[in-house]
Structures are given as structure tokens and as C-alpha cells.
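All remarks here apply to the structure that follows.
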Amino acid sequence: GAGVSQSPRYKVAKRGQDVALRCDPISGHVSLFWYQQALGQGPEFLTYFQNEAQLDKSGLPSDRFFAERPEGSVSTLKIQRTQQEDSAVYLCASSLSIGGLGNTIYFGEGSWLTVV
Amino acid sequence: DQQVKQNSPSLSVQEGRISILNCDYTNSMFDYFLWYKKYPAEGPTFLISISSIKDKNEDGRFTVFLNKSAKHLSLHIVPSQPGDSAVYFCAALSAGNEKLTFGTGTRLTIIP
């Protein structure tokens, strides 16, 4: 489809395992965001890319979290040595413009990560 | 430190009546506010927004009110319809900052 696509939709990882979550933004969208949504909470900002440049990673909770967008389109969020507190829905969002308002941000359906 | 707060985790409203969802914020640097709607297993979708230079914005059945002095905004849905049953998130932006700050959400249930 034409929306933001995320994979896998569901992932169960054993504690200590590394995981990689993929985001395909809407074609041509310059801005890409990752958010983490824990159960019963609102989404919390993790990191922001403008094309391939990671301009803000202030929300990444620890150095176990790493995100990249090497060619300015597809992005991967990697979590190393997963812990139970990493269990959450990871939402990717993209926006056509730079500095756009939130009404131009489109979210994917999320990747549900459960760490056991 | 929760900068955007939605103090009602859930709300039930009769179909046809008005639904009022509330949101409070603490950061005076926020100057743009949004409401997102989220169905289960889907990502949030934009519903309506308001700039801090306004106190009201209306779009069909949806109206958002902003009280800057009280750092409070509300979303009114009238008349409420069964398809409005979802989780509603309030979110805020500050000028020059790309990241949205979300509240914890209010689950709205419309009773037929």
C-alpha cells in the first residue's frame, strides 16, 4: 500500500537477544520518526531522521538502541541484548516536509515487541 | 515528568451525545496541539489540531478548544457515533522541534 509499512508486525524475543525492526516510509518522505509505546502509555519519541541524517536521538533509552537510515528511505531500529522493559509497540512515522506540523505525520501500524 | 496529561483513562458516552476529552500540559513552550485517534492494532491517525494563536478550531463534528492561561485543551465530538470508539491521544509540538509529546490517551466508548 501507500502508507508507512513496518515489519515484523509481531516479534517475540528472548531476553538478551538482538532484534531489528524495519520501517518503509511513504515514498519521498523526508522526515522519519521512531516512537516507543509501552502498554497503557502514549507514544514516546525515540529518534528523528531528516533524509539519512539522524538529527535527534535524545529519546533513545540506552546505548542498546540504535537506529539508521543509510539511504534516506528505509530505516532500521536495532535493539541489542533485549530486556523485558523493552517490550512495547515501536511506531514509525514519516512526513513529506521538514518542519511540518503534526497533521502531516503518518504513522505505521507498529511493531509489537515482547521480550520473554 | 509527564508534560502532556490526559487524566481520564476512559470515557463512555451515549450515541448522539457530546463527548468531551480533556488534556493538560505543563510546558509553556508548546505552541501547537493535536489530537490523534487510534484503533486497536493500528497506528495513530491525525484528527484535528490547533495553533496557540487560536482558541478554537472546528472540523465537522470535531472541535478543539485551547485555554492557554490554564494550559488546557479539550476535544468535543458531537454528535458521538459508534465509529468514534477508539483511544484518543493529545499531543503537543514546540516551534522548531520535530518531536511530538503525547499524553497517555483516553479510551472513548460510544454506547449505541
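Close Lys pairs in region B:4-112, defined as Cα atoms under 14 Å apart and 8 or more places apart or on different chains, number 5. Computed with a 1.4 Å probe on the full set of protein chains, the accessible area for B:S28 sits at about 90 Å². For the chain pair A and B, the interface hides roughly 1700 square angstrom of accessible area in total, found with a 1.4 Å probe.
Largest GNM mean-square fluctuation among A:Q54, A:Q36, A:Q84, using chain A with Cα springs under 10 Å: A:Q84. Over region A:5-111, with a single point scatterer placed on each C-alpha, what log10 of the ratio I(q)/I(0) does the Debye formula yield at q = 0.10, 0.19, 0.22 1/Å? The calculated log intensity ratios at q = 0.10, 0.19, 0.22 Å⁻¹ are -0.25, -0.91, -1.22.
For the protein assembly as shown, the ratio of Cα radius of gyration to the globular rule of thumb 2.2 N^0.38 Å stands at 1.01.
From the alpha carbon centroid of region B:1-65 to that of region A:1-72 is 24 Å. Other residues with beta-carbon under 14 Å from the beta-carbon of B:H72 carry, at +1 per Lys or Arg and -1 per Asp or Glu, a net charge of +2. Highest GNM mean-square fluctuation among A:L55, A:L77, A:L91, for chain A modelled with Cα contacts below 10 Å: A:L55.
Apply the a/c threshold of 1.5 to the C-alpha gyration tensor of chain B and tell me whether it is rounded, prolate or oblate. Please list the in-between numbers first.
Details: a/c = 1.86, a/b = 1.55, b/c = 1.20.
Cα axes put chain B in the prolate bin.
The values are calculated or read from the model by the stated rules, or taken from the named source; none is laboratory data. Since we're looking at a predicted model, the values are computed, not measured. Note: ideal-geometry Cβ built from the backbone for every residue, glycine included; neighbour counts use all protein chains shown. Protein only, heavy atoms only, side chains kept; ligands, DNA and RNA dropped before computing areas. Shrake-Rupley method; radii C 1.70, N 1.55, O 1.52, S 1.80 Å.
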